[in-house]
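> Please see the structure below; I have some questions.
The values are calculated or read from the model by the stated rules, or taken from the named source; none is laboratory data. Source: prediction; values computed, not measured. All Cβ positions, glycine included, derive from the backbone under ideal geometry; neighbour counts span all protein chains shown. These accessible areas exclude ligands, DNA and RNA; they are computed on the full protein's heavy atoms, side chains included. Shrake-Rupley method; radii C 1.70, N 1.55, O 1.52, S 1.80 Å.
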Amino acid sequence: MEKMSSMNIAVINISLRPGAKVRYFPVGLGYVMTAIKDAGYKFDYIDQDLYNLSEDEVLKQLGQKYDVVLMGCIVTGYKYVKSLVSKIKQQSPHTMIAVGNSVATSIPEELLNHTLADIAILGEGDITDVELLDALRDGKDLESVDGIAYRSGKGDGKIIYTPPRKPIPDISKLYIDYTLFDIDSYIPYMSAGVSRPVPVPNEELKAFPINTARGCINKCTFCYHVFRDQRYRHRSMESIMDDIEQVITQYGVNYILFSDDLSFYNKKVITDFLDLKEQRNLDFYWNGTCRGNLFTEDTDLALIKRMQKNGCHVLGYSLESSNEEILKAMNKHVSLEDFKKQTRLLKQGGVGVSTSIVVGYPQETGETIKNTFDVCIACGISPSVGYLLPQPGSEIYDYAVEKGYIQDVEDFLLAMGDRQDLHLNMTSMKNDELEKITEQNIIRCNKALGVECIGDSLLKTQSYYIPKSGKELHLED
């Protein structure tokens, strides 16, 4: 490979929801960009998402001056990646394009065979991106870089996979250089996504995401992320609190969004967090995620009240379904009774609850949908609702392919989008019936809880009911 002794590099943050009122700081990209900077590379950053840039505006900024372009997103953004990569190559054929995140890790062959991307970054990109840039700069063979896939270059269509990248053993040593980003512009967008009612006046709210871990201890059959096949890794509490203290000091943040698949995997982690927060005398509100069976004993109420006293606004954990057969198919390993008890305890302790529902497993019926919403009403929760969206790399995706629900992978990938839209129906119900029953139950749930529906679509209304009394609600006869 020819040396690129003086590379011009661009990094792009792709927009998956153009014009969205809520946009989030790209935490994963922040780690990658910081690693590249610390390795001594200079690059330009194009934030398509934050500034709501069109493809043409991105292309204008790129011109023909870049030797390497790095980008990535989740797999639902495949169509955006394909389109943007194609236009970059038309404008600048010499540019080497590397794509990361789950749009690369879960479908490397589709990405490389059906788009003009040159390289797929597989899994964790912090070290891989740096070593890739080193190889391009020094003219080394790409086979020297672990954790990537690329076309052979011999015209035979063969895709070469290098050895898998070993997970970074201690993610506590990683950090984000926030000066690389326009943080002040991100904060209003992220604050708009905080569960209402907020604990401070709207105009004073300044929310920001902090990462605590990589991965999850469970493997739900509908879920895919780039750390899925790696062990769950949690940062040290000191490194987490250092991050929080930094964004409070530099940007006046007063609400922390823990941006993880699983923030708190046991009660000791929560206790350690609270101990250090109190020790450092830091004042902020926060939300996070846990499993639906973390608090199952009445004695847990004392810890919950301590969390509330220390700013815990909302804790999120997923119900997904109330049907035992569907929960087993999802591989949830959380019982309905545990979910109900945890919800009761959190409400008694004054902590808000958020949950989500996945509608559309093959076993789903109108009755199972109704029963799931009955549980939400009884628990006093207005859930975030979405249809089952089989993601490549998950067991339910393999099932959809095996059973013939997905016959053309490329067509399916191009049609993917948010889970609030029905993209694939594997139930015995027709599409319009499934959608009608789902929306009727959302209306019924929100009316029972006094939650106002806003937005263009009921499913795109994500609202959380935060009762003050802690009383159980009961269904009307």
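> Starting from the amide H of Asp49, placed 1.01 Å from N in the peptide plane, find each other amide H under 5 Å away whose residue is 5 or more places distant or on another chain.
Counting only residues 5 or more places away or on other chains, the set is Asn13, Ser15.
> Relative contact order for the stretch 302-386: what is it in percent, counting Cα pairs under 8 Å that are at least 6 residues apart?
Values: 98 pairs, mean separation 33.0, N = 85.
RCO, the stretch 302-386: 39 percent.
> Remind me, relative contact order of the chain in percent, using alpha carbon pairs under 8 angstrom and six or more residues apart?
Working: 850 pairs, mean separation 59.2, N = 477.
RCO, the chain: 12 percent.
> Which percent of the accessible heavy-atom area of the stretch 208-362 goes to carbon and sulfur, probe 1.4 angstrom?
The C+S portion of the solvent-accessible surface of the stretch 208-362 is 45 percent.
> Looking at Ile168, Met96, Ser239, which one has the Cα that reaches farthest to the positive end of the dipole of the chain (charges on Cβ: Lys, Arg +1; Asp, Glu -1)?
Ser239
> Take every DSSP beta bridge whose two residues both sit in the stretch 85-198, then give the antiparallel share in percent to the nearest 5.
In the stretch 85-198, DSSP labels about 75 percent of beta bridges as antiparallel.
> Do me a favour and compute the ellipsoid semi-axes for the stretch 354-426 from its Cα gyration tensor, root of five times each eigenvalue, largest one first, whole Å.
On the way: eigenvalues 138, 34, 17 Å².
Each semi-axis is the square root of five times an eigenvalue, giving 26, 13, 9 Å.
> Hey, another quick one. Where only protein heavy atoms count, and the probe is 1.4 Å, what is the accessible area per residue for the stretch 404-449 in Å²? Don't skip to the end; give the middle numbers.
Working: 2440 Å² over 46 residues.
Accessible area per residue: 53 Å².
> Which loop trypsin sites (Lys or Arg not before Pro) in the stretch 19-107, with loop taken from DSSP, have no more than 13 other Cβ atoms within 10 angstrom of their Cβ?
Lys21, Lys42, Lys65
> Each label point is 7 Å from the Cα along the Cα-to-Cβ direction; what then is the distance between the points at Asp398 and Glu57, in nm?
The answer from the label model is 4.3 nm.
> May I ask for the percentage of alpha-carbon pairs in the stretch 207-325 that lie more than 16 Å from each other?
Every Cα pair in the stretch 207-325 considered, those over 16 Å come to 63 percent.
> Another one. Checking the a/c ratio against 1.5 first, then a/b against b/c, what shape does the Cα gyration tensor give for the stretch 111-216?
Prolate.
> Sticking with this one: With 18 Å as the limit, write out which pairs from Lys305/Lys347; Lys37/Lys89; Lys21/Lys206; Lys267/Lys341 have Cα-Cα distances beyond it, or answer none.
Lys37/Lys89
> Moving to a separate point now. Going by a ≥ b ≥ c, the root eigenvalues of the Cα gyration tensor, does the stretch 255-335 fall in the rounded group (a/c under 1.5), the prolate group (a/b larger than b/c) or the oblate group?
Cα axes put the stretch 255-335 in the prolate bin.
> On the first, second and third principal axes, largest extent first, how far apart are the outermost C-alpha atoms of the stretch 244-403 in Å?
The Cα atoms of the stretch 244-403 stretch 55, 34, 24 Å along their principal axes.
> On a full-extension model of 0.36 nm per residue, what is the gain between Gln308 and Tyr232, subtracting their alpha-carbon distance, rounded to one decimal in nm?
24.7 nm
> Among 203-209, 351-357, how do they line up by average Cβ neighbours within 10 Å per residue, starting with the highest?
Result, highest mean Cβ count within 10 Å first: 351-357, 203-209.
> Around Lys219, which amide H atoms from residues at least 5 apart in sequence, or from another chain, sit under 5 Å from its own amide H, with H modelled in the peptide plane?
Sorted by chain and number, the residues that satisfy this come to none at all.
> Taking a cut-off of 21 Å, what percent of all Cα-Cα pairs in the stretch 194-267 are separated by more than that?
I get 40 percent for the Cα pairs in the stretch 194-267 exceeding 21 Å.
> Mind listing the Cα extents of the chain along all three principal axes, in Å, largest one first?
Between the extreme Cα coordinates on each principal axis of the chain lie 73, 55, 37 Å.
> Evaluate the charge dipole of the chain about its Cα centre and quote only its size in Debye, nearest 20, assuming +1 on the Cβ of each Lys and Arg and -1 on the Cβ of each Asp and Glu.
620 debye
> Which residues among the stretch 152-181 fall inside the zone where the amide N is under 17 Å from a point 7 Å beyond the Cα of Asp38, along Cα→Cβ?
What the label zone holds, given the 17 Å backbone N cut-off, is 166-181.
> So, one more: Tell me whether the stretch 246-295 comes out rounded, prolate or oblate; compute the Cα gyration tensor, take square roots of the eigenvalues as a ≥ b ≥ c, and use a/c under 1.5 as the rounded threshold.
Verdict is oblate for the stretch 246-295.
> On a straight-distance basis, which lysines could pair with Lys430 in a cross-link, Cα separation under 22 angstrom, same-chain partners fewer than 8 positions away excluded?
Within reach: Lys370, Lys403, Lys460.
> Now, a different point. The stretch 49-72 to the stretch 328-394: how many Å between their Cα centroids?
40 Å
> With every protein chain left in place and a probe of 1.4 Å, what is the accessible surface of Ser185, to the nearest 10 Å²?
The accessible area of Ser185 comes to roughly 40 Å².
> While we're looking at this one, here's another question. Could you tell me which GluC sites (Glu not before Pro) in the stretch 253-338 are loop residues by DSSP with no more than 14 other beta carbons within 10 angstrom of their beta carbon?
Listed in order of number, the matching sites are Glu297.
> How large is Rg over Rh for the stretch 1-76, taking Rg from the Cα atoms and Rh as the Kirkwood inverse mean of 1/r across Cα pairs? Could the numbers behind the result be given before it?
On the way: Rg = 13.5 Å, Rh = 13.6 Å.
Ratio of gyration radius to Kirkwood radius for the stretch 1-76: 0.99.
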